[in-house]
Structure formats: structure tokens, C-alpha cells
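Inspection log for the structure reproduced underneath, given as C-alpha cells.
The values are calculated or read from the model by the stated rules, or taken from the named source; none is laboratory data. Only a predicted model underlies this, so the values are computations on that prediction, with no experimental measurement involved. Cβ placement follows ideal geometry from the backbone for every residue including glycine, while neighbour counts extend to all protein chains displayed.
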Amino acid sequence: MTSGDFTFSTFSKNAFYGELNGRLIDMVDVGSGQRIVDLACGTGGVTRLILERIRDARESVVIAVDHSSTALRQAMDDLKDIRDNAVQFVQSQVEQVSESLKERADTVVFCNAIHYIPDKDALLTEISKTLKPGGKFAFNTSFFEGGQLPESLLFYRKWMFKSARILRKEHGLSTQRTAKVESRKHLTAEQYRELVERHNFTVLKQEIDTVNVPIDGWLDISTFEDFIVGTLPGVPLDAASDSLQKGCHQAFEELNLTYVPRNWLDMVAVRA
């Protein structure tokens, strides 16, 4: 990671994360003749997974949507080797995606980002407009009530305690607790189910995926701005990221860990 680069890209390259998203895409069962939207595509990691699965499918198109022009340019470059299939890149806010697409889609995939959206009802209204009748919406998230397993709570407590102490001792800083960051407002799996059902979706599949996240995963998420702001708010990103990474090392060493388990919620729903 270069100085000042606090994007999700580093974390997204972890092998376990690609496997998680691959399983979600397999749950949707993408195929020939479909228009598939990769919502909040970032630098194209999930777009690649979709393209790999429809490599031999005819008349399929993937629309990679992100609000960041920088991320889209990176995605275009990174996907040069696999762009035999039709793929379109669209710059748009998630909450305005239906206005940015020329035609309705068969499938919308939204990986590990729904927890960031403040007005989730407005999001589901927008996704409903984006999909054809009978179209599928698939999402996953590790930021839900149940994402942290009971046996992992000691790690989180030690990690945050040690990170805050390092922040004070090495950087002379303290966090500023203000309004709760949206990703820290966790819904339960049942609340997510009720959310999609309120908008005339029927849940087809709902699963909990438990993943053993190695230390590299925790170090990499500590370089992502949204995670940093949610855990150590109100301080410069460089100092907060450094403190989180050092605190993570110390917690892993003290508890003699090789991994920490984390739950991901996977859900696939069909539009009426």
C-alpha cells in the first residue's frame, strides 16, 4: 500500500475473500443471455469472478458500477486479460443505479457493502427498479449482528485496547467518539430478510459462511479507510492504520492465534 492509499483494494486481494464472493455468485447461478450488475465493483475483483463464470455464455453482459472513476479505470486495466465477454463500466452512486442503466438487469450482485448504506429501504427500492421481474438480488456482508463469533470476542477486545494504547503512546492521539458510523450499525440476518421482503422480494437462499481469517486479512482491513474510521474515529488515517496493525500483531501474538473466525451473511432474493 502506498502512502495515502486507504482503499479496499488491498483487502479484496485476499484469497479467502475471493472464495467468499465466488460462493455468493455461484448461489445466484449466472448464465447465458443475462445482464448482470456488479454493484460497487471497486477495482473489479468480483467482476472478474462473474466474467470467469460466464466465459462461454452467449449474449451475456456484465455492468460494473462504482462511484469512483479511479477504481473503474483500475478495473478496466486489471480486466484486460479476461474481457472477451461484454463488460460495461458505469460511474454511478449505488443509490442512483437505476437512472444510470439503459436496460433492466437479470441479476444484481452487491458484495460486502450493503452495511455502508444509510437508507437501506431506498437502496432496495432502487435495486427493484434496476431488476426485471423475476430478477435476482444477491448480497453478502460480515457487518451484521452475528458476524463476530463468541470465541473471537476476546481477540477484538484486546485488538482495540492495544490499538488505542499505541495510538496514545506512539502518536499522542485519542479517538473522538461521535455519531456511530453506518457500518457499525449492525442488522440481524432476520432484519436483512425483512428488509428485502418489504420490497416485494422473496428470499431464495440465506446462509452463514464462517471463514477463518488469517492475520494478513486483519492487517489488510486495517488499511481501509472506512474500517479505520469506524474503529478509531476522529484521528489521521496514517496514525490510526499504523496503530491498528501493530495492535493486531500484538493481539495475535499474545493469544497465540493463527486465525480469527468471522461470519459472512449470504442472501439471494428474487424480485416479484
message: With the structure loaded, tell me whether Glu207 is free of Cβ contacts under 8 Å to residues at least 24 places away in the same chain and farther than 21 Å from Ser9 by Cβ or whether it fails that test.
response: no
field: Residue identified as in contact (Cβ under 8 Å) with a residue 24 or more places away in the chain, surrounded by fewer than 16 Cβ atoms within 10 Å (Cβ to Cβ) and either in contact with a strand residue (DSSP E or B) (Cβ under 9 Å, 6 or more places away or on another chain) or of a type in the set (Ser, Thr, Tyr) (or both) among Thr231, Thr188
entry: Thr188
task: Starting from segment 89-107, keep only residues that are aromatic (Phe, Trp, Tyr), then list their pairs with residues that are surrounded by fewer than 18 Cβ atoms within 10 Å (Cβ to Cβ) whose Cβ atoms are within a distance under 8 Å, requiring at least 6 positions of separation or different chains.
output: Phe89/Met76
task: Could you look through segment 174-190, keep only residues that are at pLDDT 90 or above and not aliphatic (A, V, I, L, M), and pick out the one that is farthest from Glu225 (Cα to Cα)?
output: Glu190
- line: Here the qualifying pairs (Cβ atoms under 9 Å; residues six or more apart or on different chains; first in segment 31-47 and farther than 16 Å from Ser60 by Cβ and in contact (Cβ under 8 Å) with a residue 24 or more places away in the chain; second among the β-branched types (Val, Ile, Thr) and part of a loop (DSSP other than H, G, I, E, B)) come out as Gly42/Thr7; Thr43/Thr7
Sole residue being under 21 Å from Asp226 (Cα atoms), in contact (Cβ under 8 Å) with a residue 60 or more places away in the chain, in contact with a strand residue (DSSP E or B) (Cβ under 6 Å, 6 or more places away or on another chain) and among the aromatic types (Phe, Trp, Tyr), chosen from Phe144, Phe137: Phe144
- prompt: Do we find a residue being β-branched (Val, Ile, Thr) and either at pLDDT below 95 or touching a His at 6+ places or on another chain (Cβ under 7 Å) (or both) anywhere in segment 136-143?
  reply: yes
- request: Taking the options Ile36, Ile82, Ile63, name whichever one is surrounded by 19 or more Cβ atoms within 10 Å (Cβ to Cβ), in contact with a Lys or Arg (Cβ under 8 Å, 6 or more places away or on another chain) and under 25 Å from Phe8 (Cα atoms).
  value: Ile63
- prompt: Can you name the helices (runs of 4 or more DSSP H) wholly within segment 118-208 that have at least 2 residues being of a type in the set (Asp, Glu) and more than 21 Å from Ile36 (Cβ to Cβ)?
  reply: 189-198
message: Any residue in segment 112-127 that is hydrophobic (A, V, I, L, M, F, W, C) sitting within a Cβ distance under 9 Å of a residue that is loosely packed, with under 15 Cβ neighbours inside 10 Å? List the pairs, counting only those 6 or more apart or interchain.
response: Leu124/Arg198
field: Count - residues of segment 248-272 that are assigned to a helix (DSSP H, G or I) and either among the charged types (D, E, K, R) or within 23 Å of the chain's Cα centre (by Cα) (or both)
entry: 3
task: Out of the residues in segment 24-76 that are of a type outside the set (Val, Ile, Thr) and touching a Cys at 6+ places or on another chain (Cβ under 7 Å), state the one that is farthest from Gln93 (Cα to Cα).
output: Leu24
query: Within the set of pairs 6+ apart or on separate chains, which have a first residue in segment 236-247 that is without any contact (Cβ under 8 Å) to a residue 40 or more places away in the chain, a second that is buried (at least 17 other Cβ atoms within 10 Å of the Cβ) and not in a helix (DSSP H, G or I), and C-beta atoms under 6 Å apart?
result: Gln245/Ser222
- request: Filter segment 234-247 down to the residues that are among the small types (Gly, Ala, Ser) and in a helix (DSSP H, G or I), then identify the one that is surrounded by the fewest Cβ atoms within 10 Å (Cβ to Cβ).
  value: Ala239
- request: Please verify whether segment 94-104 includes one or more residues that are closer than 19 Å to Met267 by Cα, within 19 Å of the chain's Cα centre (by Cα) and surrounded by 22 or more Cβ atoms within 10 Å (Cβ to Cβ).
  value: no
